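A quick write-up on the structure given underneath.
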Amino acid sequence: QVQLVESGGGLVQPGGSLNLSCVASGIIYKINEMAWYRQAPGKEREVVATHISGSDPSYADSVKGRFTIIRDDDKNTVFLQMNSLKVEVTAVYYCSVNLQRTMLTMMSFYWGQGTQVTVSS
């Protein structure tokens, strides 16, 4: 089984920064995409940033220039650096990984349990 464990969420004041991390563990042959999503209260889950292997990262327009997604394939880890935080980014943040467990299996998506990010003064 594959597990994704997120960490780094918390309470921060507007204008502050947070760094989220997500570690994938278990039997993993190849990782294709690593991504971060978020879901605010009463809203649907939305993509924040994605990084497909061999491609440049992509970001939601609302976070461009302030958030950075970084993947470390050697450690099966993806980070989300968040700067200049605004109140409206308050949400539960989830990491998602599209991976292949063995060379004989198909790619599948896995999700972390989520970590709360709250921006408030």
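The values are calculated or read from the model by the stated rules, or taken from the named source; none is laboratory data. All figures in this text were calculated on a predicted structure; none of them were measured in a lab. Please note: Cβ atoms are built from the backbone with ideal geometry, for glycine as well, and neighbour counts cover all protein chains shown. What goes into the accessible areas is simple: the full protein's heavy atoms, side chains included, and nothing from ligands, DNA or RNA. Shrake-Rupley method; radii C 1.70, N 1.55, O 1.52, S 1.80 Å.
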Exercise for review: Considering only the stretch 27-81, give the strands (runs of 3 or more DSSP E) lying wholly within it that have at least 1 residues that are in contact (Cβ under 8 Å) with a residue 12 or more places away in the chain and open to solvent by 90 Å² or more (accessible area, probe 1.4 Å).
Suggested key: 30-39
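Tally the residues that are part of a helix (DSSP H, G or I) and either hydroxyl-bearing (Ser, Thr, Tyr) or open to solvent by less than 50 Å² (accessible area, probe 1.4 Å) (or both), restricting the search to the stretch 82-101.
Total satisfying the criteria: 1.
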**Study point:** Candidates GLY26, GLY16, GLY42, GLY65, filtered to the one that is of a type in the set (Gly, Ala, Ser) and closer than 27 Å to GLN1 by Cβ
**Key:** GLY26
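Right, TYR29: on the phi < 0 side of the Ramachandran plot, within 12 Å of the chain's Cα centre (by Cα) and among the aromatic types (Phe, Trp, Tyr) or not?
Details: on the phi < 0 side of the Ramachandran plot: yes; within 12 Å of the chain's Cα centre (by Cα): no; among the aromatic types (Phe, Trp, Tyr): yes.
So TYR29 fails the test.
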Review point. List, please: which pairs have Cβ atoms under 6 Å, are six or more places apart or on different chains, and start with a residue in the stretch 102-114 that is outside any strand (DSSP E or B) and end with one that is hydroxyl-bearing (Ser, Thr, Tyr)?
Key: THR102/TYR29; MET103/TYR29; GLY112/TYR94; GLY114/TYR94
Practice item. Quick one: count up the residues across the stretch 112-121 that are surrounded by 15 or more Cβ atoms within 10 Å (Cβ to Cβ) and under 23 Å from GLY26 (Cβ atoms). Key: 3
Check your understanding: If you scan the stretch 1-12, which residues turn out to be surrounded by 12 or more Cβ atoms within 10 Å (Cβ to Cβ) and either within 11 Å of the chain's Cα centre (by Cα) or outside any strand (DSSP E or B) (or both)?
Key -> VAL2, LEU4, VAL5, GLU6, SER7, GLY8, GLY9
Exercise for review: Please name all residue pairs, on different chains or six or more residues apart, with Cβ atoms under 8 Å, provided the first residue is in the stretch 1-24 and is over 13 Å from PHE67 (Cα atoms) and among the hydrophobic types (A, V, I, L, M, F, W, C) and the second residue is open to solvent by less than 30 Å² (accessible area, probe 1.4 Å) and not in a strand (DSSP E or B).
Suggested key: LEU4/GLY112; VAL5/GLY112; VAL12/LEU85; CYS22/GLY112; ALA24/VAL2
